[in-house]
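First up is the structure itself, then whatever we jot down about it.
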Amino acid sequence: MVRKPRIHYYGALYHVMVRGNNGENIFLNDKNKRKYLDLLAQYKNALGFSIYSFCIMDNHAHLLIEVQDVTLAKIMQRIQQVYTQWFNYKYERTGHVFQQRYKAQLCNKEKYLLQLIRYIHNNPVKTHLPGGVEYKWSSHLNYLGKGSLDLVDTSFILQLFSDNAKQALKEYMYFMNQEPDIQSAESMYEVKPKVLKEKSKKATSGSEIGIDELIKEVCRLEQIKYEQLIKKTRQQKISDLRKAVVLLSEKQCLVKNATLAQKLNLSPSMISKIKSGEVEITAYVREVMQKWLEISE
């Protein structure tokens, strides 16, 4: 039976689970686990993807990966292949190390990103591993500033809690100390997490309009689809429309830079530059803003 190709698009988020062949241990010691993380870091730089969370156990590993131009299939093929060659050479063996195909679940980043991170970081707790949530081979330590490997993109996640670094860490630790709302990884793709719903209410309380409504209205006025607005392109019109949304959000929405970055497929640093006036504001940007303000009065 021919396998269906995995869905790919820029910014797709996957919960990846790799397992040892026949359930065998494939990360036998600290050196093995370090080798696998080193490969992740190496190919992250070479192929361009983000890692938001990981947990390396003895016979399997969890990864939370956001892809860009290179497909997840190519990323995982490189990593699994090189680790297999290294492992077989080191232990003088042949054959498969991993199960034939890793498991990868495409996730809704807006709804489930934080819940997935908590699920992955709580795996050592559920299996009673030394250290519990502060298990040595989990990215939870990276969020606490204790991780020695510059592999995890923690700043983007922490900004979802607060723009203030100290407050963000405090809220993250509180979030991790709670019992997970979800008992299995599969249910995360079906149930809305309570935490994100509560944060969404906080973000919009007291605002005149929600960011989703603002984006929808701008797209309607300019007769483009949301997919066109967030697509990576050098078209000046699309770039200007994003700038207009960012600037309008300052006046009309209570929304964090990290959330805007997600919605518009821009980096948080670019959002900051637009707001601070470091990028050019064209006549078209001002025209879109004026048009929106006129109909909203």
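The values are calculated or read from the model by the stated rules, or taken from the named source; none is laboratory data. Every value quoted in this text rests on a predicted model; they were computed, and no experiment measured them. Quick reminder, even Gly has a Cβ in these numbers, built from the backbone with ideal geometry, and neighbours come from all protein chains shown. For the accessible areas, the whole protein counts, side chains as well, though only heavy atoms, and no ligand, DNA or RNA atoms are used. Shrake-Rupley method; radii C 1.70, N 1.55, O 1.52, S 1.80 Å.
Sort largest first and round to whole Å: the equivalent ellipsoid semi-axes of segment 1-128, each the square root of five times a Cα gyration tensor eigenvalue.
Working: eigenvalues 106, 65, 40 Å².
One finds semi-axes of 23, 18, 14 Å for segment 1-128.
Compared with the dominant Cα axis of the chain, that is its longest principal axis, helix 72-90 is turned about 20°. Just the number, please: Stokes-Einstein D of segment 56-129 in µm²/s, Kirkwood Rh from C-alpha pairs, 20 °C, 1.002 mPa s. Approximately 147 µm²/s, per Stokes-Einstein. As a fraction of the 1.4 Å probe accessible area of the chain, surface on carbon and sulfur atoms comes out at 48 percent. Rounded to the nearest 0.05, the FRET efficiency derived from the C-beta distance between Glu110 and Lys291 at R0 = 25 Å is 0.40. Of all the options Glu227, Glu213, Glu92, the one that moves most in a Gaussian network model of the chain with Cα springs shorter than 10 angstrom is Glu92.
Over all Cα atoms in segment 105-152, the spread is summed up by Rg and Dmax: 11.7, 32 Å. Name all residues of segment 11-32 having a backbone nitrogen under 19 Å from the label point set 7 Å from the Cα of Arg93 along its Cα→Cβ direction, giving them as ranges. Residues 18-32 qualify, since their backbone N sits under 19 Å from the label point.
Remark: segment 47-139 carries a charge dipole of roughly 160 debye about the Cα centre, counting +1 on each Lys and Arg Cβ and -1 on each Asp and Glu Cβ. Here the gap between Asp69 and Met173, fully extended at 0.36 nm per residue and compared with their Cα-Cα distance, gives a gain of 34.2 nm. Using a 1.4 Å probe and ignoring any ligands, DNA or RNA, find the accessible area of Glu287 and quote it in Å² to the nearest 10. It works out to around 100 Å². Of all the options Met270, Met176, Met57, the one that moves most in a Gaussian network model of the chain with Cα springs shorter than 10 angstrom is Met270.
Give the angle, between 0 and 90 degrees and rounded to the nearest 10, that separates the Cα long axis of helix 283-296 from the longest principal axis of the Cα atoms of the chain. Result, in degrees: 80. In this label model, Asp163 and Asp38 are separated by 4.1 nm, measuring between points 7 Å along each Cα→Cβ vector. Shown here is the pair-distance distribution of the chain: with all Cα-Cα distances grouped in 5 Å bins from zero up to the longest one, the shares run 1, 5, 11, 14, 16, 15, 12, 9, 7, 5, 3, 1, 1, 0, 0 percent. Springs join every pair of Cα atoms under 10 Å in this Gaussian network model of the chain, and among Arg234, Arg242, Arg101 the largest mean-square fluctuation is at Arg234. In this structure Thr127 has an accessible area near 70 Å², from a 1.4 Å probe over the protein heavy atoms.
To the nearest ten degrees, helix 211-222 and the longest principal axis of the Cα atoms of the chain are 60 degrees apart. Counting only protein heavy atoms and a 1.4 Å probe, the chain has 54 square angstrom of accessible area per residue. With the biggest extent put first, the Cα atoms of segment 1-71 measure 35, 34, 17 Å across the principal axes. Between Asn265 and Gln100, the distance separating the two model label sites (each 7 Å from Cα on the Cα→Cβ line) works out to 3.4 nm. Computed from point charges on the beta carbon alone (+1 for Lys and Arg, -1 for Asp and Glu), the dipole magnitude for segment 1-72 about its Cα centre is near 140 Debye.
When +1 charges are put on Lys and Arg Cβ atoms and -1 charges on Asp and Glu Cβ atoms, the dipole computed for the chain relative to its Cα centre reaches about 680 debye.
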